[in-house]
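Colleague: Have a look at this one.
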Amino acid sequence: MLFGHGDDIYDYQDIRINFSSNICQHADHSALKKHLMAHFDTIANYPEPEPWTLERAIARKYGIEEDCVLVTNGTTDAIYLIAQAYAAIPYNILHPTFSEYEDACRMYGMQQGSGHLTWVCNPNNPTGETRTLDQIRQQSGGYEILIIDQAYENCTSQKMMSPKEAINEGNIIQLHSMTKTYAVPGLRLGYITAAPPHISQLRKFLKPWSVNALAIEAALFLLKHDELMVKPDLNEAQRLYRKMNEIEGVSVLPTDTNYMLCSIERHTATELKDHLAREYGMLIRDASNFKGLNNHFFRIAAQLPEENDALIDAVSHYVGISL
């Protein structure tokens, strides 16, 4: 595992505004908390060895067959499961992107190669760019297996490929994140949708009781309450994108999401991160450990307008000191 992901708030004291995680920071979990407290006794018994009840609920929601769904302990668990199940197939990764794809492939001895098993993050992390349905379909034709990580599918207004569409393609394995969709990273909830042969292959390597009882109960509740999905303010994200780009010495790549990849000229991302944390109680993501990026790159996710304004002012002041 690569250490240095976002949300490393545990490494700092008195962080007041967290820009480092792509997960929305201001979700209202009161209804979920109330439901879980009413069902807290579920911890007194083992959960299902495999979360079949939850898989059936997900299948009903998307109008697909039950044998097209596999629930995992977060999408990271799904990534390592796929690498284990298809370890004999050469892999390809389009960088820069989420580091766990390569970590998982290396852990299970997969070899790099083109035209076989390819990992795509859509929307991509850390850039925030999306691929269209036509682009995805064109890509899928060139690969034996195309894995599409749609963990951030709820963070964009761009049209994403549906589970049913991906299943019909036959060679696409999709990853979905309830962690991101409902802003519940501590519960570790993810699931895979794919054609039955892929799900059957992956299930051979699934560890029993990998998803705990409270997580299953939470997911069943959340699936019934679409109003609890966290929708980021993309207009505010675009405003932050424009304002950050106006800072001399800072560049921001175009984004289709609430998060964006930035670079700073006269300092390193580590220096900027430490300064913002120490002086302002703000946390950003040092993106220098993404393959293909250097130590000038950092990632931020838009928060409330007043918090974004505070970040703009803090970065502008920091850059201005050295001009």
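The values are calculated or read from the model by the stated rules, or taken from the named source; none is laboratory data. Not measured: the values here are computed from a predicted model. Here Cβ is always computed from backbone atoms with ideal geometry, including for glycine, and neighbour counts include all displayed protein chains.
Colleague: Looking only at the range 292-323, how many residues end up being assigned to a loop (DSSP other than H, G, I, E, B), farther than 24 Å from VAL230 by Cα and touching a helix residue (DSSP H, G or I) at 6+ places or on another chain (Cβ under 7 Å)?
Modeller: Summing the residues that are assigned to a loop (DSSP other than H, G, I, E, B), farther than 24 Å from VAL230 by Cα and touching a helix residue (DSSP H, G or I) at 6+ places or on another chain (Cβ under 7 Å) in the range 292-323 gives 2.
Colleague: A follow-up question, please. Spot the failing condition for GLN135; the list is (1) at pLDDT below 95; (2) under 26 Å from ALA218 (Cα atoms), and only one is missed.
Modeller: It is condition (2) that GLN135 fails.
Colleague: A follow-up question, please. Has the range 305-312 got any residue that is within 25 Å of the chain's Cα centre (by Cα), within 19 Å of PHE98 (Cα to Cα) and among the polar types (S, T, N, Q)?
Modeller: No, there is no match, as no residue in the range 305-312 is within 25 Å of the chain's Cα centre (by Cα), within 19 Å of PHE98 (Cα to Cα) and among the polar types (S, T, N, Q).
Yes/no matrix, rows are residues, columns are (1) touching a Phe, Trp or Tyr at 6+ places or on another chain (Cβ under 9 Å); (2) surrounded by fewer than 18 Cβ atoms within 10 Å (Cβ to Cβ); (3) closer than 16 Å to LEU70 by Cβ:
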position: ALA213; (1), (2), (3): yes, no, no
position: ASP226; (1), (2), (3): no, yes, no
position: GLU236; (1), (2), (3): no, yes, no
position: MET244; (1), (2), (3): no, no, no
position: GLY249; (1), (2), (3): no, yes, no
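Colleague: Separate question: Of the residues that sit in the range 20-41 and are at pLDDT below 95 and touching a Leu at 6+ places or on another chain (Cβ under 7 Å), which one is surrounded by the most Cβ atoms within 10 Å (Cβ to Cβ)?
Modeller: Among those that are at pLDDT below 95 and touching a Leu at 6+ places or on another chain (Cβ under 7 Å), it is SER20.
Colleague: Could you count how many residues in the range 183-198 are crowded, with 21+ Cβ neighbours inside 10 Å and not in a loop (DSSP other than H, G, I, E, B)?
Modeller: 6
Colleague: Filter the range 64-97 for residues that are acidic (Asp, Glu) and not in a helix (DSSP H, G or I) and give the result.
Modeller: The answer is GLU65, and nothing else.
Colleague: Taking only the range 137-165 into account, find how many residues are buried (at least 21 other Cβ atoms within 10 Å of the Cβ) and either without any contact (Cβ under 8 Å) to a residue 24 or more places away in the chain or part of a helix (DSSP H, G or I) (or both).
Modeller: Residues flagged as buried (at least 21 other Cβ atoms within 10 Å of the Cβ) and either without any contact (Cβ under 8 Å) to a residue 24 or more places away in the chain or part of a helix (DSSP H, G or I) (or both) within the range 137-165 amount to 4.
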